[in-house]
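Below is one structure, written out as structure tokens; the observations come after it.
The values are calculated or read from the model by the stated rules, or taken from the named source; none is laboratory data. In this text the structure is predicted, and so the values were computed from the model without any measurement. Ideal geometry is used to build each Cβ from the backbone, glycine not excepted, and the neighbour counts take in all protein chains shown.
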Amino acid sequence: MSSSMIELHEVDVPTFLDLLDRCKGNVYLVSDEGDKLNLKSKLCQLVGLTKLIEGGKIASCYITCDDPEDESMLFRFNLYGKKPESGTDG
């Protein structure tokens, strides 16, 4: 399972959490210290994101995904800052 790491940049947290709910596979938050939390778990979302939020935005972290479609969706969200439209495939 070799997945690339996506560095998150000032992500809108509520929108990011909504996208996590739409992901098919596991999504892992990886901190600079090497901590790895499965963000499909609400408890891990709470623990992981509270450590990384500064002023309502994610400070610095990486994510990896088991599912390539999830990785693509989150990469586009991170790059463009917009949530993909439901039911459409750009």
Open item on the list: It is to be established whether one or more residues within segment 68-80 are part of a loop (DSSP other than H, G, I, E, B), among the basic types (Lys, Arg) and either modelled with pLDDT of 80 or more or surrounded by 13 or more Cβ atoms within 10 Å (Cβ to Cβ) (or both).
Closed with: no
TODO: Within segment 33-41, identify whether any single residue is surrounded by 12 or more Cβ atoms within 10 Å (Cβ to Cβ), out of contact with any strand residue (DSSP E or B) (no Cβ under 8 Å at 6 or more places or on another chain) and modelled with pLDDT of 90 or more, and answer yes or no.
DONE: yes
- [ ] Residues being outside any helix (DSSP H, G or I) and either more than 10 Å from the chain's Cα centre (by Cα) or at pLDDT 90 or above (or both): count how many of those fall in segment 1-28.
- [x] 14
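Tell me, which residue of segment 45-67 that is part of a loop (DSSP other than H, G, I, E, B) and at pLDDT 90 or above is nearest to residue 35 (Cα to Cα)?
Of segment 45-67, the ones part of a loop (DSSP other than H, G, I, E, B) are 55-56, 59-60, 66-67.
In the following step, the residues that additionally are at pLDDT 90 or above were identified as 66-67.
Numbers: 66: 17, 67: 20 Å.
Here the answer is 66.
Filter segment 42-53 down to the residues that are surrounded by 13 or more Cβ atoms within 10 Å (Cβ to Cβ) and either aliphatic (A, V, I, L, M) or over 20 Å from residue 75 (Cα atoms) (or both), then identify the one that is nearest to the chain's Cα centre (by Cα). Write out each step before concluding.
We begin by selecting, within segment 42-53, every residue surrounded by 13 or more Cβ atoms within 10 Å (Cβ to Cβ); these are 44-45, 47-49, 51-53.
Pick out the ones that are also either aliphatic (A, V, I, L, M) or over 20 Å from residue 75 (Cα atoms) (or both) and you get 44, 47, 49, 51-53.
On the way: 44: 12, 47: 14, 49: 10, 51: 14, 52: 12, 53: 13 Å.
If we take residues in segment 42-53 being surrounded by 13 or more Cβ atoms within 10 Å (Cβ to Cβ) and either aliphatic (A, V, I, L, M) or over 20 Å from residue 75 (Cα atoms) (or both), then 49 is nearest to the chain's Cα centre (by Cα).
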